[in-house]
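Structure record follows, encoded as structure tokens.
The values are calculated or read from the model by the stated rules, or taken from the named source; none is laboratory data. The model shown is predicted, which means the values in this text are computed figures rather than measured ones. Don't worry about glycine lacking a Cβ; one is built from the backbone with ideal geometry, like all the others, and counts go over all protein chains shown.
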Amino acid sequence: MAMEPVRLTQYARGGGCACKIPPGELEAVVAGLGIPAGGGRDDLLVGVENGDDAAVVRLDERTAAVATVDFFTPVVDDPYDWGRIAACNALSDVYAMGGTPLVALNLLCWPREVLPLEIAGEVLRGGYELTRQAGCHLAGGHSVDDEAPKYGLAVTGIVRPEEMITLDAGRPGLPLSLTKPLGVGVLNSRHKATGEVFPEAVAAMTTLNRDAARAAVAAGVRCGTDVTGFGLLGHLSKLARASGLTAAVDPARVPYLDGARSAVRGGYVSGGSRRNLAWVAPWTEFGATPEEDRLLLADAQTSGGLLVAGEVPGGTVIGELRPRGEALVTVG
């Protein structure tokens, strides 16, 4: 017997990475923990100090372990696609560090008295298919009964310490490249409000950053991140701050998905994206950049592309790193 269609996005206040705690609030909480750089241990190569995409622990001279976790509320109504998107997004943190994911564990929160478990099964199937595509084991996990559905993965991978990609390794003069177009945030907001399906957005969110990461490592890239819930400007400002530089962006070069601009003009901008823009505004020089472009540059992405200091095949150069000026980021 076929299941009745369910609009999963109606069971969440925010969708995908737009449901993250605002970056400014999160930074204040983490800073208050008083954790020393490196956690006080020499083998912790990357910890909480710069807000990198994953933690990295040295195992020996040639190998380090990469550990991350990511989960969120439904970003699309199709449970199988949501599972694929959430898994792709979680794996991306390992790729963003220059690593290779090895094993993942499911994280599932489910309102079992509200939504059929058969739908949860489709979510898990989507996650399995994506991890299989990545060549990453998916072995068990954890589930809880919760008011809102949430899904994601805890992922462990490996990286060679000398090939690690971090936020603080930028140098003046390096170009900034983006490997996926922006706009999934506003398209997902429109999907949630209207039920319209945007296949191009789903395709972008389920495209692994594996090939882009391999190309970046091969090109000698050592500074970068991925673009997710804090938007391009949010993640770029973290990179610029950690590297002690200013990031200059040419908005005319930034690629967008079809329909993204019309979605902004239609008012389909999430609260998370607007909070992103408010957060970066104090240290961003916008010049005459229109409000529409500012919102798109701050758009909360889910399973976005890599943002790296260097040129990579298939990527788009959108700006460059410069010596530190008055602003962390300049647009225009």
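Okay, here's what the table says:
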| quantity | calculated |
| --- | --- |
| Strands (runs of 3 or more DSSP E) within segment 53-145 that include 1 or more residues modelled with pLDDT of 95 or more and either of a type in the set (D, E, K, R) or closer than 24 Å to Phe198 by Cα (or both) | 55-58, 64-72, 137-145 |
| Count of residues meeting criterion [part of a loop (DSSP other than H, G, I, E, B) and more than 17 Å from Gly231 (Cβ to Cβ)] in segment 168-208 | 14 |
| Failed item, numbered, when Met97 is tested on (1) over 25 Å from Asp168 (Cα atoms); (2) buried (at least 24 other Cβ atoms within 10 Å of the Cβ); (3) of a type outside the set (Asp, Glu) | (1) |
| Some residue of segment 253-267 being out of contact with any helix residue (DSSP H, G or I) (no Cβ under 9 Å at 6 or more places or on another chain), touching a residue at least 24 places away in the same chain (Cβ under 8 Å) and crowded, with 22+ Cβ neighbours inside 10 Å | no |
| Leading residue by the ranking (surrounded by the fewest Cβ atoms within 10 Å (Cβ to Cβ)) among those in segment 271-311 that are in a strand (DSSP E or B) and either touching a Cys at 6+ places or on another chain (Cβ under 8 Å) or not aliphatic (A, V, I, L, M) (or both) | Glu285 |
| Every residue from segment 269-315 that is aliphatic (A, V, I, L, M) and more than 30 Å from Val217 (Cα to Cα) | Val269, Leu277, Ala278, Ala281, Ala288, Leu295 |
| Residue in segment 250-261 that is more than 26 Å from Gly170 (Cα to Cα), in the same structural domain as Thr194 (by TED's automatic domain parsing) and charged (D, E, K, R) present | yes |
